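Colleague: Following this message is one structure expressed as structure tokens.
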Amino acid sequence: MQKYGLIIFIALIMFFSANSAADAAFSFYIGGQKVELAASQVVNGNILIPASVLRDYMAADVESDLEAGKLSISFPTHTIIMEIGSPTAKVNGEEQIMDVAPQAVDGEFMIPLRFVVDLLGLQLSFDAKQAVLYINLSDELADWVRARAEGEPADLNLPEFLNPEQSTTIGTPVLKKIVFMGGPRSRVFIDLDGFAAYESFLLTNPDRMVIDLTGVRWDGPFPEQVINDTLVRRIRSDQFDHRTIRIVFDLNRATDYEINRWPDGGLEIEFNYQIRDIGYYRDEEQNPRIWFEANEQPMFSVQMLPSPMRLVLDFQSTTLLDGARELQVGDPPLRSVRISQNTPSITRMVLDLDGPMIPIEVEEINGRYEIILFEGTEQEYQAKLEREAPKPVEPELLIPEDRKIDDSLPLAHRILVVDPGHGGSDPGTIGNVLGVFEKDVVLPISLELGRLLEEQGAIVVYTRNDDRYVSYFDRVAIANMVNAEIFISVHANSYEGTAARGVETLYNPLYLENFRLAQVVQSELVNHLDAKNRGVRPRTDLHVLNNAEMPAVLVEVGFVSHPEEEKLLIDPDYQKKIAEGLLNGVLLFFQNYR
Ligand SMILES: [Zn+2]
């Protein structure tokens with residue numbers, strides 16, 4: 001428990017130092033269920049949440065008297081009494097000190113979450129990368145929550161998920177299987193049906209990677225899997241202690257890894273890319289080229305170091321096969337190229353130079369990646385580009401026709417950009433059963449949405465209104481050029497297999513407005529379609545969201561990889577319904593926040 005407390009504390013400080021404390025810019029799950037958090041606060045790294053969450057999601061009896069500033073929370077094992085402004089709580093009659101005192105905010109009793117979680121012996125974990133906070137319920141507590149939901153539905157204001165008829169899993173997540181998926185990063189999927197806390201680390205002599213999952217159930221140990229991939233030799237799993245399942249990857253060589261959490265709680269492990277051979281030559285245009293062989297193109301960073309002059313390329317998430325080596329080149333200004341494993345995740349290439357050189361492009365030629373070098377400095381290269389470049393072409397604007405707008409309409413004269421994803425040579429994702437193209441589904445939805453928005457008085461600018469290719473750069477440039485008030489990008493989703501379904505909305509978490517727009521659009525669309533709610537997701541890697549100068553969201557309206565949703569998505573009535581849901585979200589955004 002303490003160990004997790006520290007990790008969470010650090011993660012929360014890092015996360016919340018960049019945010020205003022008033023709004024929850026994170027998602028929150030209890031027992032695998034998403035919590036609709038009306039308010040939250042962070043005080044000295046402690047999250048305060050409304051006491052009603054304990055009633056609604058953990059079936060606690062909560063009695064509060066805001067005027068007297070008193071609150072009592074009862075679980076089967078604990079009765080906790082708190083007072084506003086006092087850091088002393090009474091737990092089963094005994095005094096205990098909390099890190100932070102409860103507060104009253106907007107008629108809600110705000111209580112320190114971690115104090116309660118620690119008391120109940122539960123696990124709290126925070127995924128800083130995805131800004132998700134999880135609490136796993138113990139089996140006992142999960143049983144109790146379920147029993148109360150069945151026994152006293154009238155008296156408890158429990159959310160829908162606890163309705164026995166539509167009950168999904170609550171409580172301890174189950175480890176279902178461990179699947180080796182292979183590919184350039186030797187991917188492995190740990191199939192969990194809920195959110196589990198984990199720790200991972202590397203061991204040497206022999207090289208191994210270990211993941212410990214805590215508070216997880218399984219029917220294991222699973223049989224050992226012999227893989228003999230370039231990196232992964234074998235996968236073993238065993239009960240480590242009564243709370244911990246240990247998964248061990250025996251490795252064929254040292255490698256680093258990354259772990260990504262999937263929406264339903266599963267964990268995906270990606271090991272390093274692998275770099276094999278390197279070489280050098282000059283092409284027909286006399287451009288110097290360094291090439292390397294890799295199973296996929298890794299990202300790399302570039303640094304120029306003076307005296308002696310060197311160009312250093314750090315290839316991220318890569319393992320260098322067959323050891324360090326040096327290539328004597330002797331083609332001025334390049335003297336030699338050295339390559340070695342610098343850290344478990346970085347392969348470093350050093351070019352020893354007698355004059356400046358910079359990498360300007362990478363080309364893939366039959367599994368070989370060739371870095372084209374320019375003989376000169378960055379400034380000299382920029383100057384050359386400016387001399388040679390044609391004047392930039394502004395993206396084509398689809399200016400809506402002039403029309404008379406009734407000033408009393410809710411969106412009168414608002415300029416809104418609707419961005420149908422993909423198009424032309426870019427089909428987007430492709431359906432599993434019918435082979436539906438994402439680009440063909442999102443266009444009619446977007447056009448219908450635009451029509452509905454115009455009915456409400458908006459001036460709608462599309463990034464495309466037919467089947468054409470528009471780059472991401474142009475899409476966002478269009479929105480910025482017309483000074484749009486919001487930007488809505490319409491996409492459809494896909495996922496390996498056919499199980500994933502539902503609606504999710506992506507937004508850049510840097511600005512609160514994005515989160516607000518994402519929330520209203522997501523909830524209105526989910527309600528209108530009665531679709532599975534996959535939540536709003538902060539994303540910082542999407543060009544259109546990062547560069548829009550107005551509130552912007554990317555809505556994934558359904559899964560073309562799900563056979564039923566694929567069928568729905570090509571149904572004009574369903575497309576119309578999606579457009580209506582999106583319209584409702586936009587209307588609510590302007591009503592609430594403009
Ligand atoms: Zn898409």
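The values are calculated or read from the model by the stated rules, or taken from the named source; none is laboratory data. Predicted, not measured: the structure shown is a model, and the values here were computed from it. Note that we place each Cβ from the backbone using ideal geometry, even for glycine, and neighbour counts take in every protein chain shown. Heavy atoms of the whole protein, side chains included, go into the accessibility calculation; ligands, DNA and RNA do not. Shrake-Rupley method; radii C 1.70, N 1.55, O 1.52, S 1.80 Å.
Colleague: List the residues, sorted by chain then number, that are 5 or more residues from residue 227 or on another chain and whose placed amide H is less than 5 Å from its amide H.
Modeller: The answer is 234, 235.
Colleague: Okay, moving on. Given a 1.4 angstrom probe, I'd like the percentage of the accessible area of the range 202-327 that is carbon and sulfur, rounded to a whole number. Write out the running numbers ahead of the final one.
Modeller: Numbers: 2810 of 6090 Å².
The computed percentage sits at 46.
Colleague: Let me cross-check residue 550: its accessible surface, 1.4 Å probe, with only protein heavy atoms counted, in Å² to the nearest 10?
Modeller: 20
Colleague: Related question: Sticking with the crude label model, points 7 Å out along Cα→Cβ, report the distance from residue 179 to residue 97 in nm, one decimal please.
Modeller: 5.1
Colleague: Sticking with this one: Hey, what do the phi angles of the range 287-296 turn into as Karplus ³J(HN,Hα) couplings, whole Hz, using 6.51/-1.76/1.60 and θ = phi - 60°, x for Gly and Pro?
Modeller: Those phi angles translate into 7, x, 9, 9, 10, 9, 9, 8, 7, 6 Hz.
Colleague: While we're here: Under a 5 Å amide H to amide H cut-off, with H placed in plane at 1.01 Å, what residues pair with residue 194 once short-range neighbours are removed?
Modeller: 174
Colleague: Then there is this: Highest mean first, what order results for 440-449, 51-60 on Cβ atoms within 10 Å? Please list the in-between numbers first.
Modeller: Details: 440-449: 24.0, 51-60: 22.0.
Per-residue mean Cβ counts within 10 Å order the peptides as 440-449, 51-60.
Colleague: Report the relative contact order of the range 49-108, percent, no decimals, based on alpha-carbon pairs under 8 angstrom and at least 6 residues apart.
Modeller: On the way: 93 pairs, mean separation 13.3, N = 60.
Rounded, it is 22 percent for the range 49-108.
Colleague: Additional query: Which chymotrypsin sites (Phe, Trp or Tyr not before Pro) in the range 422-501 sit in a loop by DSSP (not H, G, I, E or B) and have at most 11 other Cβ atoms within 10 Å of their own Cβ?
Modeller: On the way: sites: 437, 462, 469, 472, 473, 487, 495; in loops: 469, 495.
Answer by residue number: there is no such site.
Colleague: Tell me the per residue accessible area of the range 415-593 using a 1.4 Å probe; a whole number in Å² is fine.
Modeller: Details: 6790 Å² over 179 residues.
Per-residue value: 38 Å².
Colleague: Restricting to the range 424-559, what percent of DSSP beta bridges are antiparallel, rounded to 5? Write out the running numbers ahead of the final one.
Modeller: Values: 4 of 14 bridges.
Of those bridges, close to 30 percent are antiparallel.
Colleague: For a label point 7 angstrom out from the Cα of residue 66 toward its Cβ, which stretches of the range 91-117 have the backbone nitrogen within less than 14 Å?
Modeller: Hits in the range 91-117 for residue 66 at 14 Å: 103-111.
Colleague: Sort 215-221, 62-68 by packing, meaning the average of other beta carbons within 10 Å per residue, with the highest value first.
Modeller: Working: 215-221: 16.1, 62-68: 13.4.
Peptide ranking by packing, descending: 215-221, 62-68.
Colleague: Hey, another quick one. Counting only residues 5 or more places away or on other chains, whose amide H sits under 5 Å from the amide H of residue 485 once H atoms are built in the peptide plane?
Modeller: 415, 416, 417
Colleague: Relative contact order of the range 175-271: what whole-number percent is it, with Cα pairs under 8 angstrom and at least 6 residues apart?
Modeller: Reported as a whole number, the value is 30 percent.
Colleague: Counting only C-alpha contacts under 8 Å and six or more residues apart, can you give the relative contact order of the chain as a whole percent? Each step should come with its number before you reach the end.
Modeller: On the way: 1296 pairs, mean separation 43.9, N = 594.
RCO, the chain: 7 percent.
Colleague: Using the Karplus curve 6.51 cos²θ - 1.76 cosθ + 1.60 with θ = phi - 60°, work out ³J(HN,Hα) for each residue of the range 552-564 in order, rounded to whole Hz, and write x for Gly and Pro.
Modeller: So the J values, rounded to whole Hz, are 9, 9, 10, 9, 9, 7, x, 10, 6, 7, 8, x, 6.
Colleague: Restricting the count to DSSP beta bridges whose residues both fall in the chain, what percent are antiparallel, rounded to a multiple of 5? Don't jump to the answer; show the numbers that get you there.
Modeller: Numbers: 120 of 147 bridges.
Close to 80 percent.
Colleague: Also, quick follow-up: Please turn the phi angles of the range 448-460 into ³J(HN,Hα) values with the Karplus equation 6.51 cos²θ - 1.76 cosθ + 1.60 (θ = phi - 60°), one per residue in order, whole Hz, x for glycine and proline.
Modeller: In residue order, the calculated couplings are 5, 4, x, 4, 5, 5, 5, 4, 8, x, 6, 9, 9 Hz.
Colleague: To continue, here is another question. Quick check for me: using +1 on Lys/Arg Cβ and -1 on Asp/Glu Cβ, what's the dipole size of the chain about its Cα centre, in debye to the nearest 20?
Modeller: Taking the Cα centre of the chain as origin, the dipole is about 1080 debye.
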